[in-house]
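For reference, the structure is listed below as structure tokens.
Nothing in this text is a laboratory measurement; each read-out follows from the coordinates by a stated rule. This is a predicted model, so every value here is computed, not measured. Cβ coordinates were reconstructed from backbone atoms using ideal geometry, including for glycine residues, and neighbour counts include every protein chain displayed.
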Amino acid sequence: MRYEYYKTPLPPQNNNPNLLKLIFASLIVVIIIVWVVIWNSTNVYEPDEISEQAFYEGYFTLSTRLDQTLARRFPNLDFVDTRFSDDGRGTHTFQVKDRKRMRPSEIEEFLESSLGGYGFLVKQEPTGGDYWEYQIISDSTVWALYRIQLGYEEVANVSILPADISKVTGRPRLAVIIDDFGYSMNETINGFISLNEKFTAAVIPGRPYSTSVDERLKSRGIESLIHMPMITVTNATSEPDYALSDDLSESEIQRRLRRAKKDVPNSIGMNNHQGSGGTQSVKVMREVSEFLKSQDMFFVDSRTIAASVGEKVAKEQEVPTESRDVFLDEVDDPKAIAGELFRLARIAKDRGEAIGIGHCRPHTLTALKKYMPALAEAGFDLVPVSQLVN
């Protein structure tokens, strides 16, 4: 009995589930292979065609955005139209509303800054007197033309300057220093920083915005000076923690100068704030000159008093230096400021160069915005003051 189970046939095993699994897996593999073959046959990679299409799409998008940005950047421009030829070259037309408020170099600089990163070059073409034209070039191919129509009534270009300085030769150089940056960050300050024409900013150390405005000036390519406080002839000062005087020790003067440089780290020169007393002191100016020489900086004497020895001592110490010629806004009135700006231009015309000093005031900003473009158009070179010190 113990071996009886050998005589009982075993029931047949059912292999159907395993067979079904094998068939299902094979079917999936076949489907995948067929799908891959069909996809490859209908999606042939054509690099030249796709690359060209992508390029033109990007080009047209860039052109549209640039038209919009140009109109926003220059409110004096009205967009007329953009037309594309069969080969894709676009002609972008704008109309100048007031030619006296715009120079061709401004358009060229804007196009270069906007398109240079995309590999395009900007070339201004010589044209007649009724429009400016700029070619946008890549790999010797002209991709676009920007045409700025001036209008026939603008060709005469009557200057807003007095007749004797409305047109000059020899490119006389004008440098304008604006004092008292650092006290605040308001609309007037932003207006000065946004000027297209070159100027130099003098920053008071130790003020709430001294360092931050210095960084903003640097980001805009505007050179800065330390507007160094010094005592007046009555021993008064608005900055007692920084003001230099003959009563201070030499080491204390040096400490204050180092502290001022730390507050205005991007400064490349110095001029005096107040200082009718401090600039008369040989001791003070010798310490200032020694510090500036060690920092490879220059000195501009604001000439708050005729008896100043600032420029004389700086030259003795071989520090590059120059003196102010005109205070632009001793009278805070637009017409008076304009008159002083014209006087500065006449000095530059006669002597070849001149330095004016103004302050962070709304009327001064208004005068500069109105007349500096006209001075540049008349043939004056508006330069940072560093180009005039020697």
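Data table
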quantity	calculated
Computed over the stretch 242-374: relative contact order in percent, which uses C-alpha pairs under 8 Å that are six or more apart	18
Gly269 long-range amide H proximity, modeled H, under 5 Å	Ile226, Phe298
Antiparallel bridge percentage (DSSP; both residues within the stretch 65-154; nearest 5)	75
Cα centroid separation, the stretch 243-279 to the stretch 167-227 (Å)	19
Stretch gain in nm, segment Phe84-Arg259, where the contour uses 0.36 nm per residue and the Cα spacing is subtracted	57.1 nm
Charge dipole (debye, nearest 20) of the stretch 65-154; +1 at Cβ of Lys and Arg, -1 at Cβ of Asp and Glu	300
Neighbour-count order for Val309, Val300, fewest beta carbons within 10 angstrom listed first	Val309, Val300
The stretch 65-154 - Rg and Dmax from Cα coordinates, angstrom	12.6, 38
Spin-label pair Thr91/Arg171, simplified geometry with 7 Å Cα→Cβ offset, distance in nm	3.4
Given charges at Cβ of Lys, Arg, Asp, Glu: the stretch 232-390 dipole, positive-most of Val282, Met297, Leu382	Leu382
Relative exposure of Val168, Val288, judged by other C-beta atoms within 10 Å (fewest first)	Val168, Val288
Over 30 Å (Cα to Cα) - which of Lys167/Lys312; Lys100/Lys262; Lys349/Lys369; Lys293/Lys369; Lys123/Lys369; Lys218/Lys370 fall in this group	Lys167/Lys312; Lys100/Lys262; Lys293/Lys369
Debye intensity ratio in log₁₀ form over the Cα atoms of the stretch 163-387, taken at each q of 0.07, 0.11, 0.12 Å⁻¹	-0.20, -0.51, -0.61
Extension gain, Ser159 back to Thr64 (0.36 nm per residue minus Cα-Cα distance, nm)	30.8 nm
Spin-label model distance (nm) - Glu109 vs Ser249, 7 Å beyond Cα toward Cβ	4.8
Magnitude of the charge dipole, the stretch 155-260, Cβ model with Lys/Arg +1 and Asp/Glu -1, debye to 20	540
Förster-model FRET efficiency, 25 Å R0, Asn196 and Ala307, C-beta, rounded to 0.05	0.05
Virtual spin-label span in nm between Glu125 and Val282, 7 Å along Cα→Cβ	6.7
Placed amide H near Leu382: partners under 5 Å, 5+ positions off or other chain	Leu174
Förster-model FRET efficiency, 45 Å R0, Arg220 and Ile32, C-beta, rounded to 0.05	0.15
